[in-house]
Amino acid sequence: MNIKNIYHILIAVFLCTINVKAQEVLTIEEAMKIALENNFEIKIAKNNSTISETNATVGNAGILPTATANIVDNNSVTNSTQVRQDGTSTTLNNAKNNSLTYGVSLGWTVFDGMRMFARYDHLKELQKLGDAELKRTILIKIGQVNSAYYDLVQQQHQLAALDTTIVISKQRVELAQNRFTIGKASKLEVLNAQVDLNTDQVALLRQKESYANAKILLNQYLARDPKINFTVTDEVTVDDKLVLNDLMDLAQKQNPALESQIINKRIAELQLKQVKASRYPTVNLTSGYNFAESQSSLGFTSENSSKGFTYGFNASMNIFDGFNQHRNEKVAKLQIENSQIAIEQQNMILNTQLSTAFQTYLTNLELIDLEEDNEAIAKQNLDITLDKFRIGTITTLDFRTAQLNYVNAKVRYSNAQYEAKLSEIALKELAGNINF
């Protein structure tokens with residue numbers, strides 16, 4: 001390689017370095033933080049959780065009394081005629097009549113078969129269900145952010161591998177051209193080298209397109225402008241210390257899907273309590289203070305007013321409702337049974353998912369070591385092949401094979417790291433144990 005070509009390569013590397021430095025280097029921790037703050041689905045889940053928390057009050061359960069202020073004002077202008085028993089009559093046109101009533105009333109259900117307390121517990125369980133749904137949404141979205149982030153890391157590795165092979169392919173074209181110039185190679189060797197270089201450049205363009213689209217997808221998960229440019233770190237660190245039994249124990253305590261099913265069973269039990277409350281009487285206390293005033297232009301009384309305190313109670317009890325009480329209780333018990341079945345089903349699904357994901361995780365860990373060795377061997381083979389190609393003791397086909405083997409080995413090693421990281425993320429998501 002002559003001085004001019006070395007100079008051009010150094011300039012290109014320098015410009016690339018400046019371009020990278022001008023971009024934001026986004027770490028996985030920063031990406032998760034942005035997602036927690038910006039992601040639309042997480043925001044909606046947070047609001048839904050807040051709604052459930054806001055609804056879990058004693059007032060919404062009906063435990064507290066209610067006070068109501070009311071006022072009624074009626075007015076009329078009429079032509080009136082009154083005929084008395086003795087046959088005399090009185091007529092008045094445009095007679096004005098008005099009545100005004102206002103006051104405060106108080107109502108309080110003091111006993112309803114304990115339905116109000118079961119209702120309050122029901123609201124608190126709905127709050128827990130909202131929290132579990134929020135946690136599930138966060139785990140899913142953080143998992144997606146992790147997957148998209150490490151997909152970018154892997155694609156970045158592929159770009160580096162393709163950059164390397166293009167540098168090698170350019171060296172090959174230059175060597176073939178030099179050998180052709182001095183008569184040691186045919187024009188066909190130059191053309192083959194140029195075709196392979198063009199093929200590598202096409203692959204690089206395709207990979208750049210895939211990389212750019214992956215950036216846009218990650219920006220979408222982060223709920224920010226898709227045109228924001230950034231780079232990601234090159235390192236993929238896989239946690240190789242996961243233990244299946246530990247993950248299963250964590251999943252029993254932290255998996256939001258299982259947690260939701262357990263809460264649903266508790267809700268079903270509270271619904272049965274509310275249904276059974278209809279077997280008992282309902283007692284309401286009532287009281288109030290009212291003021292009433294009326295005026296009439298015609299009649300025996302022209303003005304009347306009253307004010308004072310009122311109080312009382314009412315009670316009711318269901319004696320017979322066409323066996324609906326029995327039917328409602330039977331349905332509520334069946335719903336409890338269904339919720340228990342759903343818990344058992346979720347447990348089986350969770351254990352199956354953990355077992356299969358853990359087996360994939362173990363396989364991917366082995367593949368990392370294997371592909372790392374393959375990459376080192378392929379690099380050594382390429383170095384030897386390149387030296388032999390420079391002195392003309394190896395065919396272009398053998399050189400191209402060694403070159404592609406090295407690129408493929410780098411890509412497979414990067415893929416192995418990526419797949420292992422995905423397995424780790426999947427296991428931690430199932431266990432409800434992703435750190436964020």
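Here are some notes:
- Where Rh is the Kirkwood radius over Cα pairs, Rg/Rh for the stretch 194-265: 1.25
- Of the solvent-accessible surface of the stretch 298-349, computed with a 1.4 Å probe over protein heavy atoms with every protein chain present, carbon and sulfur atoms account for 57 percent.
- Of the two radii for the chain, the radius of gyration is 1.33 times the Kirkwood radius, both from the alpha carbons; that is the Rg over Rh value.
- Across Lys33/Lys227; Lys265/Lys421; Lys141/Lys253; Lys46/Lys124, pairs whose alpha-carbon gap is larger than 25 Å: Lys265/Lys421
- The stretch 134-153 and the stretch 228-257: distance between their alpha carbon centers, rounded to Å: 10
- Packing rank of 337-346, 318-327, where each peptide gets the mean count of other beta carbons within 10 Å, highest leading: 337-346, 318-327
- For Phe399, Phe111, the ranking by accessible surface with the largest value first comes to Phe111, Phe399, using a 1.4 Å probe.
- Site pair Asn318 and Glu53 shows an inter-label distance of 3.5 nm when each label is modelled 7 Å from Cα along Cα→Cβ.
- The aspartates and glutamates within cross-link reach of Lys330, meaning a Cα-to-Cα straight distance under 18 Å and a gap of 8 or more places when in the same chain, are Glu269, Asp321.
- Against the chain, whose longest principal axis comes from its Cα atoms, helix 187-221 is set at around 20 degrees.
- Label reach from Val283 (point 7 Å along Cα→C-beta): in the stretch 52-77, amide nitrogens under 17 Å belong to 63-65.
- Peptides 416-422, 304-310 ordered by average Cβ neighbours within 10 Å, highest first: 416-422, 304-310
- Percent of alpha-carbon pairs separated by more than 20 Å within the stretch 237-314: 72
- Taking all protein chains as they are arranged and a probe of 1.4 Å, the heavy atoms of Tyr289 leave approximately 120 Å² accessible to solvent.
- Spin-label model, Thr68 to Leu191: label points 7 Å out along the Cα-to-beta-carbon direction sit 9.6 nm apart.
- Full-extension gain in nm, Met348 to Arg390, via 0.36 nm per residue minus C-alpha separation: 9.0 nm
- Sequence of Val243, Val275 from largest to smallest accessible area, 1.4 Å probe: Val243, Val275
The values are calculated or read from the model by the stated rules, or taken from the named source; none is laboratory data. Every value quoted in this text rests on a predicted model; they were computed, and no experiment measured them. Neighbour counts run over all protein chains shown; Cβ positions are idealised from the backbone, glycine included. We work out accessible area using only protein heavy atoms, side chains counted, and drop any ligands, DNA or RNA first. Shrake-Rupley method; radii C 1.70, N 1.55, O 1.52, S 1.80 Å.
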